[in-house]
Amino acid sequence: MLYFDYRSFILLFFCFWFEPNYAQGDWKEVRNEQQIKVYTRTVKGYDIKELKIIANFDASAQSFVALLLDVASQPKYLFACKHTELVQAKSKQEQIYYQQVNMPWPLSDRDGYFQQISYSNQVNKAIVFETKAVGHLYSIKSEYVRIPVLKATWTIQATSAKSIIGEYQVVIDPGGEVPAWLINLFIDRAPFETVLNMRKLLATGKYN
């Protein structure tokens with residue numbers, strides 16, 4: 001449990017990944033700096049806005065894929081993500097992982113189980129990671145509020161041998177009582193800083 005920190009709320013957008021199929025409004029750019037663009041839009045049936053980030057990374061597509069597959073590393077770059085563990089690797093393209101997220105007092109911390117699937121788009125040669133919540137398949141832990149809905153997508157497009165453009169899109173229902181107005185108020189900050197942390201981690205060469 002954390003004391004109040006808006007970043008803990010916003011992390012819920014960046015701990016996971018999908019491409020929603022709900023009725024949406026128009027995208028609105030809310031931040032654009034350091035080659036990171038952040039967009040939001042309303043989604044019918046959700047109080048919390050859908051999020052999209054487009055960012056440049058000085059890394060190969062293979063390195064970025066290796067980072068996403070290393071789910072245990074998520075607490076190193078995701079705000080308020082205190083624990084992630086691999087539950088099952090069904091194949092090289094499919095993983096199930098468990099994650100715990102700190103929330104500010106007096107809210108309960110969140111947790112969830114997520115299925116991550118990766119594949120290549122044969123049309124544009126992009127690499128795609130899709131993630132959805134599958135917490136309904138696993139027992140509830142009494143000390144956490146289970147995240148019931150999380151759908152997200154990373155789309156990775158190589159621009160050279162050592163650079164990529166990554167596009168991330170996500171919508172979420174964090175479960176329980178969370179003030180949507182507060183998340184929406186600061187929605188651009190945690191994703192922006194998380195991208196910076198991912199860049200730093202990729203720059204270490206660990207995933208080359």
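The values are calculated or read from the model by the stated rules, or taken from the named source; none is laboratory data. Keep in mind that this is a model prediction, so the values were computed, not measured. Cβ placement follows ideal geometry from the backbone for every residue including glycine, while neighbour counts extend to all protein chains displayed.
To keep it simple, each residue is scored yes or no on (1) assigned to a helix (DSSP H, G or I); (2) more than 20 Å from Lys37 (Cα to Cα); (3) of a type in the set (Gly, Ala, Ser).
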{"residue": "Ile140", "(1), (2), (3)": "no, yes, no"}
{"residue": "Glu143", "(1), (2), (3)": "no, yes, no"}
{"residue": "Thr153", "(1), (2), (3)": "no, no, no"}
{"residue": "Ile164", "(1), (2), (3)": "no, no, no"}
{"residue": "Gly176", "(1), (2), (3)": "no, yes, yes"}
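Looking at this structure, is Gln115 in contact with a strand residue (DSSP E or B) (Cβ under 9 Å, 6 or more places away or on another chain) and touching a residue at least 40 places away in the same chain (Cβ under 8 Å)?
no
Tell me which residues, restricted to the range 44-83, are over 20 Å from Val171 (Cα atoms), in contact (Cβ under 8 Å) with a residue 40 or more places away in the chain and exposed (fewer than 14 other Cβ atoms within 10 Å of the Cβ).
Asp58 - this is the single residue of the range 44-83 that is over 20 Å from Val171 (Cα atoms), in contact (Cβ under 8 Å) with a residue 40 or more places away in the chain and exposed (fewer than 14 other Cβ atoms within 10 Å of the Cβ).
Being basic (Lys, Arg) and over 30 Å from Trp105 (Cα atoms) is the filter here, so list the residues in the range 124-174 that pass it.
Of everything in the range 124-174, those that are basic (Lys, Arg) and over 30 Å from Trp105 (Cα atoms) turn out to be Lys125, Lys162.
Kindly check whether there is at least one residue in the range 197-208 that is at pLDDT below 95 and over 20 Å from Phe79 (Cα atoms).
Yes; the residues of the range 197-208 include at least one that is at pLDDT below 95 and over 20 Å from Phe79 (Cα atoms).
Considering only residues that are part of a strand (DSSP E or B), loosely packed, with under 14 Cβ neighbours inside 10 Å and either touching a residue at least 12 places away in the same chain (Cβ under 8 Å) or out of contact with any strand residue (DSSP E or B) (no Cβ under 6 Å at 6 or more places or on another chain) (or both), which ones fall in the range 84-110?
Those that are part of a strand (DSSP E or B), loosely packed, with under 14 Cβ neighbours inside 10 Å and either touching a residue at least 12 places away in the same chain (Cβ under 8 Å) or out of contact with any strand residue (DSSP E or B) (no Cβ under 6 Å at 6 or more places or on another chain) (or both): Glu85, Lys90, Ser91, Glu94.
Residue under question is Lys132, and the condition is that it be in a strand (DSSP E or B), crowded, with 20+ Cβ neighbours inside 10 Å, touching a residue at least 24 places away in the same chain (Cβ under 8 Å) and basic (Lys, Arg); does it hold?
no
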